[in-house]
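Colleague: This structure is in structure tokens; I'll ask about it shortly.
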Amino acid sequence: MPIHACVAHQIYQNAPVSSEKERTNSKVVLTGLHLTSIPSTIIKNRDHIETLIIDNNMLTENSFNMPKFRNLKELSVRNNKIRNIGVFIANMQKNCPNLEVLRVRNNPGWPEKLKEQE
């Protein structure tokens, strides 16, 4: 079950200490919150996040110059303000080494001819 923005902070703050295996596998959903950067709570708990959905925000390619998210496998950043897809992809390669799924459609830098594709 995904963790939605309204409770993500509280859940992470109150999460019991458990084994690494139990805490990895989480899905965090932070959509439509007008975010301009990745929240510090998410960065702090990045080793426990496998799926991060942050669609419909105000994030740019520079918002993703962040610490490594070693376990992140799926990232969705649809409908943000990413203008330079090359810089964004370089940040993803550097900071998300195990990323398998990336959704970036409907950002200003997404090529017109690929608007219908992911």
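Colleague: Filter the range 29-43 down to the residues that are under 12 Å from the mean Cα position of the chain (by Cα) and part of a helix (DSSP H, G or I), then identify the one that is farthest from ASN91 (Cα to Cα).
Modeller: ILE42
Colleague: Report whether or not ASN80 is touching a residue at least 12 places away in the same chain (Cβ under 8 Å), of a type outside the set (A, V, I, L, M, F, W, C) and farther than 13 Å from VAL28 by Cβ.
Modeller: In short, yes.
Colleague: When only residues in the range 42-87 that are hydrophobic (A, V, I, L, M, F, W, C) and surrounded by fewer than 16 Cβ atoms within 10 Å (Cβ to Cβ) count, which is farthest from PRO111 (Cα to Cα)?
Modeller: ILE43
Colleague: Right, here's the next one. Any chance the range 31-40 includes a residue that's within 17 Å of GLY109 (Cα to Cα) and modelled with pLDDT of 95 or more?
Modeller: yes
Colleague: Let me ask another. Hey, could you check the range 1-28 for residues that are among the small types (Gly, Ala, Ser) and within 13 Å of the chain's Cα centre (by Cα) and say which is modelled with the lowest pLDDT?
Modeller: ALA5
The values are calculated or read from the model by the stated rules, or taken from the named source; none is laboratory data. Small disclaimer: the values here were computed from a predicted structure and weren't measured. Note that each Cβ is placed from the backbone with ideal geometry, even for glycine, and that neighbours are counted across all protein chains shown.
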